[in-house]
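The values are calculated or read from the model by the stated rules, or taken from the named source; none is laboratory data. Just so it is clear, the model here is predicted, and its values are computed rather than measured. All Cβ positions, even for glycine, are placed from backbone atoms using ideal geometry, and neighbour counts span all protein chains on display.
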Amino acid sequence: MPEEKFNFTKAYKEIEEINEWFQGEDIDLDEALKKYEKGMELIAKCKERLKEAENKFEEIKKKYSIGE
Amino acid sequence: MKINQSLEVEPIIEEKVFSVSEFFDFLNEILVPQRVIVQGEIGEKMNNYPRYSFFNLLDKDGSILKCFVWREVIETLGIDIEPGMEIRVIGYPEIRKNRGELNFQVERIELLGEGILKRQFEILKKKLEALGYFSPEIKKPIPKFCENIGLITSRVGRGALKDFLTHLGNFGFRIFFYETKVEGGFALNEILEAINWFNQNMPKLDVLVLTRGGGDWESLRPFNSEEIVKAISASKIPIITGIGHEDDTTLADLVADLRTSTPTDAAKILNKNWELAKVNIPKIEINLSTSLRKTFEIIKKKIIFYGSNLTVKVQKEIGLKQQGLKSLWKNLGLRFQNYFKEFEFLEKEFKKNYLKIKKLVKDQKIKIKEFLEDLIKNKNQWQGKINKILKQQEEKLFLCSPYLKLKQGYTITKDESGKIIKDPTRLKISQEILTKFYKGQIVSKIKKIEK
C-alpha cells in the first residue's frame, strides 16, 4: 500500500480545532496569526486532496492467484 | 486455492502395479485436496466420542456416506446434530486404509430449513453475546476519513459490488477488492480467508467492507456462523458490514465495528464525512479569515480603549496629587501663620512683662537704696529711739508680770490640768485645785461653789 504523507483526517481535525480556537475569547494576536497561517496551509492541502478525487480500484484475488 | 473444480485425472500411461497401500495413497492424493458439499439425512446409528463423532449420511435411494467429524465442528453450530436431520457437510473424501472404506472428513456442517436456522441463530446469538462479542466497548473505531478500503464481496449475485462502487463518491478512495462467494457452502471459508489476508498483507487499511445483497435465511448462513463472528472480532482492521436489506440482522452485523444495512448504505457512510468536509472546508476558510479580522478589530479597539483609559487615569492621578499638594501647602501656610501669630503675641507679652519687671526691679532698687541711705543717715537717731522704746516696753512688761501681782498678795488658782480658773461654776465639788502664792502653793478640795 503506498504511504500517504498527507493525513487528511489529522489535517481536518486540526483545521476544526483552529476554527474552534478562534471562537474563543481573549485571543492572542501572535498566536492568532500563527494559527491562521497554519489553518490556511492545511485548508489548501485538504482542498488539493479533495480535487484529485478519482477512485482507484484494484483486485486482490487476481494478483494473489497469479502468485500461486 | 482451487476450489470445487472438476476433477482432471490424468490417464495412467504405464501399466503400474500398486500394492493395496500404494493404491489407497494414490487415491487419497486425488481425493483429499477436493472440497465438496454433500447433502443428506443423518442416519440412526451415531457413534459419539468426547472429541469426535461418526455418523452416516443417507440418501433416498439408500446410498450411505460414512462421515467423521471433530466435536468442535459440531459445537460451532450451537445445536447438536441428531438422526433424521437434513444437513450439508463440507469437507473432503478420504479412504481409510485399514478398513478399505471411503470416509468423509467433515470440516463444516450446515443446517437446513428456515425453522432450524432461526433456532440456530438465536442459540448462537445468545452464546456469543454472553461471551462479549457484541458489546459496544470492543468495537474498533472507524476512521473519520477512510481512504484505503478493503472490499470483500462477490462479483456476481445481486449486484452488491456494483451498488457499492456506484454509490461511492469520487473522493479519491483506493479500493482493494477481494472476491469471495457470499453464499453457499464455500462462502464462509473464502470470507474468513479474505479477512485474514487483508490483516496479514494490508494491515494499514482504514477499513474492511464486508457486503452482499439481501437473501433468505439459508443464503445468509455464512454470516450467521460462529466462525465469522470470531474472525470479525479478531480483525485488527475495523470492519463495516453491509449485508442484505434492512430487516436482516446477521451475527456478522452484530459483531461488526459498524453495521450498515446494504452495500449502498455502506458506500454512503464512507462518503458522508468527505462530503461534509467538501462543504465545511470552504466555510471554515471564510470563517478563519473573518475570525482573524475580528481579532484584529478587537485588539485595535482594546488598544484605543487602553490608551484613552490610561490618559484619563493619569490625569486623574495627577489631579489628585496636585490637590494633595495644594492642601498640604495650605495646611503648612496656616500652621506657619499660627506659629507666627503665637510667636508675635508671645513676643509682645514678653516685652510687656519685661518692661514691667524691669520697672519693678528698678523701683525696688531705688527704694532699697533710699532705705539704706536713710538707714545710714539716721542710724544714731534710730538707735536712741529704739533703746528708749525698748526700755519703755521692758518696764511695761515688768508691771504686767503675774509675779508682781503674787508679790502684792494675789494668788493664781489652776485646775488639775493647769488651766487658770476664772469662773468657779465650771468646777465640781470635791475637785482638787492648785493655788499658787508668791512663795509656794497649795492643793485644796472644793467644798462649796458660789456664783
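Checking B:GLU193, B:GLU129 one by one, the residue that is acidic (Asp, Glu) and within 11 Å of chain A (Cβ to nearest Cβ) is B:GLU193 and no other. Here are B:ARG108, B:ARG88: which of them is of a type outside the set (A, V, I, L, M), outside any loop (DSSP other than H, G, I, E, B), within 29 Å of B:MET202 (Cα to Cα) and in contact (Cβ under 8 Å) with a residue 60 or more places away in the chain? Of B:ARG108, B:ARG88, the one residue that is of a type outside the set (A, V, I, L, M), outside any loop (DSSP other than H, G, I, E, B), within 29 Å of B:MET202 (Cα to Cα) and in contact (Cβ under 8 Å) with a residue 60 or more places away in the chain is B:ARG108.
Filtering B:VAL182, B:VAL207, B:VAL229 for residues that are within 14 Å of chain A (Cβ to nearest Cβ) and under 21 Å from B:PHE121 (Cβ atoms) leaves a single hit, B:VAL182. Inspection of segment A:14-28 finds a residue satisfying the criterion of being at pLDDT 80 or above, facing chain B (nearest Cβ under 7 Å), closer than 17 Å to B:PRO143 by Cα and under 11 Å from the mean Cα position of the chain (by Cα). Residues that are assigned to a helix (DSSP H, G or I) and basic (Lys, Arg) were ranked within segment B:374-422; the one that is farthest from B:PHE437 (Cα to Cα) is B:LYS377. Could you go through segment B:213-234 and let me know if any residue there is over 28 Å from B:VAL89 (Cβ atoms) and either touching a Ser or Thr at 6+ places or on another chain (Cβ under 6 Å) or surrounded by fewer than 17 Cβ atoms within 10 Å (Cβ to Cβ) (or both). No, segment B:213-234 contains no residue that is over 28 Å from B:VAL89 (Cβ atoms) and either touching a Ser or Thr at 6+ places or on another chain (Cβ under 6 Å) or surrounded by fewer than 17 Cβ atoms within 10 Å (Cβ to Cβ) (or both).
In this structure, does B:GLU94 turn out to be in a strand (DSSP E or B) and charged (D, E, K, R)? The answer is yes for B:GLU94. For segment B:141-177, a residue qualifies if it is surrounded by 19 or more Cβ atoms within 10 Å (Cβ to Cβ), assigned to a loop (DSSP other than H, G, I, E, B) and facing chain A (nearest Cβ under 8 Å), and the qualifying residues are B:PHE145, B:GLU147, B:LEU168, B:PHE171, B:PHE173. Checking B:ALA277, B:ALA252, B:ALA267, B:ALA256 one by one, the residue that is more than 30 Å from A:TRP21 (Cα to Cα) and within 14 Å of another protein chain (Cβ to nearest Cβ) is B:ALA267 and no other. Does segment B:209-236 hold any residues that are over 18 Å from B:GLU129 (Cβ atoms) and touching a helix residue (DSSP H, G or I) at 6+ places or on another chain (Cβ under 6 Å), and which are they? B:VAL209, B:THR211, B:ARG212, B:GLY213, B:TRP217, B:PRO222, B:SER235, B:LYS236, listed by residue number.
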